[in-house]
Amino acid sequence: MKKILCIALLLLGISPFAVASERHLLISLGTGGITGVYYPAGGAICRLLNQTRKQHGIRCAVRSTPGSVANINNVNVGALDLGLAESGWLYQAWSGRGHFADQGQSPQLRTLLTLFPEYLTVLARPDSGIRRFSDIRNKRISIGLPGTSQRSTMNALMKSNNWGLQDFAVTLSLGAADQAGALCEGRIDVMIYTVGLPSGATKEAARDCGGQLIAVASDQASELIRYSPHYLPMVINAGVYPDNWSDTPTVGVNATFFTSAELPDEIAYTVVRTLFEQLEQFRTMHPAFVDLKPAQMVKGPYPAPLHPGAERYFREAGWL
């Protein structure tokens, strides 16, 4: 309803922000579990919008969700206005490939900007016998909850390695936030999580039960990149997690801030402008944001087409 009202006002030549003093336009932003980085990222974006809402009339509400896949599906059906998602899953949804092949293309999805890199983080119990990524075969793992980005990641990892569920001793379906407890309790041998740095769940498992980061070898990384080209070679730097003092090669993707073509251009423009105008403050809100630079945040290729409102701001700023 709020979208219809906003569009109607724009068609009548009335800015929805002109009535901001009487009624704010509420938009919702889908994030992730509270132990990941999507939740504080979405919270930071909404905070920046809300603290300047008298200027633009937009109020932002954070929604905790299972992550990328749930956010994509909810934005698709209009249950969310904005979302955060791994670039690979957003591309698959827009193009109707991979995990989203059965539901077909979602041509209405639009990119707003690129946020931080997310790292495939593999953390094993010290008594698990896992020393390299291939060692997770025949171990106890979590494949994630159905419909989550964690489950999609595990499916991609299994397909790129020609593994099936029968190749593991135990396959639990745990939420990302539950993996640390399961690892420390000995219910799983390894937790696998694609997430920005640092992750609260990974830090908890490293601190409480001596979890050790496991490198993804170059040949395994190449297979995963061949399966899903939005993965990139990355390195988790030494010292990010307790008692992990060596650089750990892995792969990763970029977190993408996205929406739907249904979001009016003026709203998308204002959201993007507000974030960039307060980028210095945004960088202080989480360690994953410290190194964010506009040149990287507006850089393509985009997993879904760039929203015209975002494109307008990027051109005004001289970045396109």
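The numbers here are math on the coordinates, done by the rules we state, and not lab data. The model shown is predicted, which means the values in this text are computed figures rather than measured ones. Every residue, glycine among them, receives a Cβ derived from its backbone with ideal geometry; neighbour counts consider all protein chains shown.
Tabulated values for the structure
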{"quantity": "Residues E185, E204, sorted so that the one with the fewest Cβ neighbours within 10 Å comes first", "calculated": "E185, E204"}
{"quantity": "DSSP beta bridges in the chain [antiparallel fraction, %, rounded to 5]", "calculated": "70"}
{"quantity": "Between segment 263-313 and segment 213-237, the alpha-carbon center distance in angstrom", "calculated": "26"}
{"quantity": "Segment 31-175: translational diffusion in µm²/s, Stokes-Einstein, Kirkwood Rh over Cα pairs, 10 °C, 1.306 mPa s", "calculated": "93"}
{"quantity": "Helix-only CD estimate at 222 nm, as mean residue ellipticity for the chain, using -39500 (n - 2.57) per DSSP H run (n ≥ 4)", "calculated": "-10000 deg cm²/dmol"}
{"quantity": "The chain, relative contact order in percent, only Cα pairs under 8 angstrom and at least six apart counted", "calculated": "23"}
{"quantity": "Trypsin sites (Lys or Arg not before Pro) within segment 165-248: DSSP coil, no more than 15 neighbouring Cβ in 10 Å", "calculated": "R187"}
{"quantity": "Length-normalised contact order for segment 119-253 - Cα pairs under 8 Å, 6+ apart - percent", "calculated": "33"}
{"quantity": "Under 13 Å from K299, Cα to Cα: aspartates and glutamates that are on another chain or at least 8 residues apart", "calculated": "E311"}
{"quantity": "When each of K139/K203; K54/K203; K139/K293 is checked by Cα-Cα distance, pairs over 29 Å", "calculated": "K54/K203; K139/K293"}
{"quantity": "Sum of side-chain charges, G67 neighbourhood, beta-carbon under 14 Å (Lys, Arg +1; Asp, Glu -1)", "calculated": "-1"}
{"quantity": "Within segment 113-196, percent of DSSP bridges classed antiparallel, to nearest 5", "calculated": "65"}
{"quantity": "Order of S218, S28, S260 - criterion: other Cβ atoms within 10 Å of each residue's Cβ, fewest first", "calculated": "S218, S28, S260"}
{"quantity": "Listed residues A41, W163, A176: farthest to the positive end of the dipole of the chain (Cβ charges)", "calculated": "A41"}
